[in-house]
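These notes are about the structure you will find just below.
The values are calculated or read from the model by the stated rules, or taken from the named source; none is laboratory data. Model, not experiment: these values are computed from the prediction. When we count neighbours, we look across all protein chains shown, and the Cβ atoms used for this are built from the backbone with ideal geometry, even at glycine.
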Amino acid sequence: MKRTIEIEDNLEEIVQCVCDDVGRLLRKYIAENSPDRLPCLNDDLDYSGRVQEIIDGSVPVYYSELDDLWFLYSDLFEQAYENAGYGDNPRENHGMSAIYCYISERVGEWYSENAQSIFESYVKA
């Protein structure tokens, strides 16, 4: 017997929403603090834990969604978890920690690629 299932792949949407939120946070930080250099993602923007809150709030909580994402992206999640050095069981907490690590990595990549141009556009304005 064959069965066909559908899996909703919303990981890129999740990552994009988080990056958009971090971009808004960067703009707000620049407007409020007028820094003379690009703010550091971890030291400046996440000083209050706001970046971590944004990422944490984006991690799915429903087991079915977690299982779907793990089915599609287990290798990426395991690698991100290993890179973060949190432990040796990426499926702990139903894999939510590894998904958090993956999203955090992607946010770091996005910040490295985009933050400077955002900063420069605010400095020139």
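Hey, among Glu8, Glu13, Glu32, which residue is within 17 Å of the chain's Cα centre (by Cα), of a type in the set (Asp, Glu) and either at pLDDT below 95 or over 18 Å from Tyr111 (Cβ atoms) (or both)?
Glu13
Within the stretch 32-44, take every residue that is of a type outside the set (Asp, Glu) and part of a loop (DSSP other than H, G, I, E, B) and give me the one that is surrounded by the most Cβ atoms within 10 Å (Cβ to Cβ).
Ranking the candidates gives Pro39 first.
When the stretch 1-31 is examined, which residues are found to be of a type in the set (Asp, Glu) and part of a helix (DSSP H, G or I)?
Correct list: Glu12, Glu13, Asp20, Asp21.
Consider Ala98 against the criteria (1) surrounded by fewer than 13 Cβ atoms within 10 Å (Cβ to Cβ); (2) under 26 Å from Ile5 (Cβ atoms): it satisfies all of them except one. Which criterion is unmet?
For Ala98, the exception is condition (1).
Test Asp68 against the criterion of being under 17 Å from the mean Cα position of the chain (by Cα) and of a type outside the set (S, T, N, Q), and give yes or no.
It is false that Asp68 is under 17 Å from the mean Cα position of the chain (by Cα) and of a type outside the set (S, T, N, Q).
Answer yes or no as to whether Ala115 is in contact with a Lys or Arg (Cβ under 9 Å, 6 or more places away or on another chain), within 26 Å of Leu26 (Cβ to Cβ), at pLDDT 95 or above and not charged (D, E, K, R).
Against the criterion (in contact with a Lys or Arg (Cβ under 9 Å, 6 or more places away or on another chain), within 26 Å of Leu26 (Cβ to Cβ), at pLDDT 95 or above and not charged (D, E, K, R)), Ala115 does not qualify.
Would you check if Leu72 is in a helix (DSSP H, G or I), aliphatic (A, V, I, L, M) and either touching a residue at least 60 places away in the same chain (Cβ under 8 Å) or out of contact with any helix residue (DSSP H, G or I) (no Cβ under 7 Å at 6 or more places or on another chain) (or both)?
yes
Restricting attention to the stretch 39-56, does a residue exist that is under 11 Å from Phe119 (Cβ atoms) and touching a residue at least 60 places away in the same chain (Cβ under 8 Å)?
yes
Output the residues belonging to the stretch 45-64 that are surrounded by 16 or more Cβ atoms within 10 Å (Cβ to Cβ), part of a helix (DSSP H, G or I) and modelled with pLDDT under 95.
Within the stretch 45-64, Leu45 is the sole residue that qualifies.
Collect the residues in the stretch 75-119 that are of a type in the set (Lys, Arg) and either in contact (Cβ under 8 Å) with a residue 24 or more places away in the chain or assigned to a helix (DSSP H, G or I) (or both), keeping them in residue-number order.
Arg106, the sole residue that qualifies.
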